[in-house]
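What follows is a short report on a single structure.
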Amino acid sequence: MRRHELATVLLGSAFTMTVPLGSAAQIGRGGDQPAPNAVAAAYRTEVRNKLNQLVIQLAGAWDGSDPGEPAQLYAPKGVIVLGPERTIEGREAIREAFASTLRHMRGVVLSIDDYDLSGELAFVRGTMIYELLHESSQGSQETVSYTMVLRRQRSDEWLIQAHVLGGALALPDTKKTRAPATQTDAIKQ
């Protein structure tokens, strides 16, 4: 029986010597790969840079003459919420809003105060400063907070899904006030 025990010990020792210690159950990263936290931090930085560029592009397009340019930064079913009483839904409606009401906002500056991301979605919170142009008087400086939800597309492009402007957004009244045609019309008003 002793020979059998000795053979088992020797066989086990020989097997241990041929298999490098720790290679059978290696846990963690291997080789030249960076740590998982470094990869996540690099991705967050890359996304933050892309979002900064998108926000700068949106601010510049807002001041532009082509209403289709800023509308292209929104998803086809994108939404802009301008305070509690006005929601603009869809890229075509957003383009029309830039052609009419939103064109009265000039010198738009968007800052990113905070952001987070989860997979293909990014959440941005910031401040929007702009000059509101009035038809009959001097423009006024306005400041509002905003929140955006952006989604990364298959093309690796980020588009705005939802753009919510906090508080009651100051926009010009697009309804023209007309003078009554006759004295009878003035009394009816």
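The values are calculated or read from the model by the stated rules, or taken from the named source; none is laboratory data. Source: prediction; values computed, not measured. Neighbour counts are summed over all protein chains in view; Cβ atoms, including those assigned to glycine, are modelled from backbone coordinates with ideal geometry. All accessible areas refer to the heavy atoms of the entire protein, side chains included, with ligands and DNA or RNA removed. Shrake-Rupley method; radii C 1.70, N 1.55, O 1.52, S 1.80 Å.
Quick one: which of ASP156, ASP185 is at pLDDT 90 or above, acidic (Asp, Glu) and more than 17 Å from GLY60 (Cβ to Cβ)?
Result: ASP156 is the single residue among ASP156, ASP185 that is at pLDDT 90 or above, acidic (Asp, Glu) and more than 17 Å from GLY60 (Cβ to Cβ).
Which one of GLY68, GLY30, GLY60 is under 27 Å from HIS134 (Cβ atoms), modelled with pLDDT under 95 and either open to solvent by less than 40 Å² (accessible area, probe 1.4 Å) or among the hydrophobic types (A, V, I, L, M, F, W, C) (or both)? Explain how you work it out, then say what you get.
Values: GLY30 fails: under 27 Å from HIS134 (Cβ atoms); GLY60 fails: either open to solvent by less than 40 Å² (accessible area, probe 1.4 Å) or among the hydrophobic types (A, V, I, L, M, F, W, C) (or both).
Only one candidate passes the filter, namely GLY68.
Of a type in the set (A, V, I, L, M, F, W, C) and either closer than 15 Å to VAL164 by Cα or in contact with a strand residue (DSSP E or B) (Cβ under 9 Å, 6 or more places away or on another chain) (or both), is that true of ALA99? Walk me through how you get there before you give the answer.
Numbers: of a type in the set (A, V, I, L, M, F, W, C): yes; either closer than 15 Å to VAL164 by Cα or in contact with a strand residue (DSSP E or B) (Cβ under 9 Å, 6 or more places away or on another chain) (or both): no.
So ALA99 does not fit the description; no.
Looking at this structure, is GLN141 surrounded by fewer than 11 Cβ atoms within 10 Å (Cβ to Cβ) and in a strand (DSSP E or B)?
Values: surrounded by fewer than 11 Cβ atoms within 10 Å (Cβ to Cβ): yes; in a strand (DSSP E or B): yes.
Yes.
Name every residue in segment 67-110 that is of a type in the set (Gly, Ala, Ser) and more than 17 Å from the chain's Cα centre (by Cα), in order of residue number. It would help to see each step written out before you state the result.
Within segment 67-110, the first condition is being of a type in the set (Gly, Ala, Ser), and the residues that meet it are 68, 71, 75, 78, 83, 90, 93, 97, 99-100, 107.
Correct list: GLY68, GLY83, ALA93, ALA97, ALA99, SER100, GLY107.
Return the residue satisfying two criteria in turn: it lies in segment 92-109 and is under 19 Å from MET148 (Cα atoms), open to solvent by 40 Å² or more (accessible area, probe 1.4 Å) and out of contact with any Gly (no Cβ under 7 Å at 6 or more places or on another chain), and of such residues it is modelled with the lowest pLDDT.
First pass over segment 92-109, keeping only residues under 19 Å from MET148 (Cα atoms): 92-95, 97-98, 102, 105, 108-109.
Right, trim to open to solvent by 40 Å² or more (accessible area, probe 1.4 Å) and you get 92, 95, 109.
Those left that are additionally out of contact with any Gly (no Cβ under 7 Å at 6 or more places or on another chain): 92, 109.
Values: GLU92: 97, VAL109: 93.
Top of the filtered list is VAL109.
With the condition kept exactly as written, say whether any residue in segment 14-24 is modelled with pLDDT under 85, in a helix (DSSP H, G or I) and among the polar types (S, T, N, Q). Give the steps one after another, and end with the answer.
At the first step, the residues of segment 14-24 found to be modelled with pLDDT under 85 are 14-24.
Then drop every residue that is not in a helix (DSSP H, G or I), which leaves 14-18.
Narrowing the set further to residues that are among the polar types (S, T, N, Q) leaves 16, 18.
Yes - at least one qualifying residue is present in segment 14-24.
Among the residues of segment 76-89, write down those that are open to solvent by less than 30 Å² (accessible area, probe 1.4 Å) and in contact with a helix residue (DSSP H, G or I) (Cβ under 7 Å, 6 or more places away or on another chain). Break it down stepwise before answering.
Step one: list which residues in segment 76-89 are open to solvent by less than 30 Å² (accessible area, probe 1.4 Å), which gives 78, 80, 82-83, 88.
Those that are open to solvent by less than 30 Å² (accessible area, probe 1.4 Å) and in contact with a helix residue (DSSP H, G or I) (Cβ under 7 Å, 6 or more places away or on another chain): GLY78, ILE80, ILE88.
Looking at segment 110-133, can you tell me whether even one residue there is surrounded by fewer than 14 Cβ atoms within 10 Å (Cβ to Cβ), charged (D, E, K, R), outside any strand (DSSP E or B) and modelled with pLDDT of 85 or more?
Scanning segment 110-133, I find at least one residue that is surrounded by fewer than 14 Cβ atoms within 10 Å (Cβ to Cβ), charged (D, E, K, R), outside any strand (DSSP E or B) and modelled with pLDDT of 85 or more, so the answer is yes.
Condition test on MET105, is it within 15 Å of ARG86 (Cβ to Cβ) and aliphatic (A, V, I, L, M)? Before you say what the answer is, go through the steps one by one.
Details: within 15 Å of ARG86 (Cβ to Cβ): yes; aliphatic (A, V, I, L, M): yes.
So MET105 fits the description; yes.
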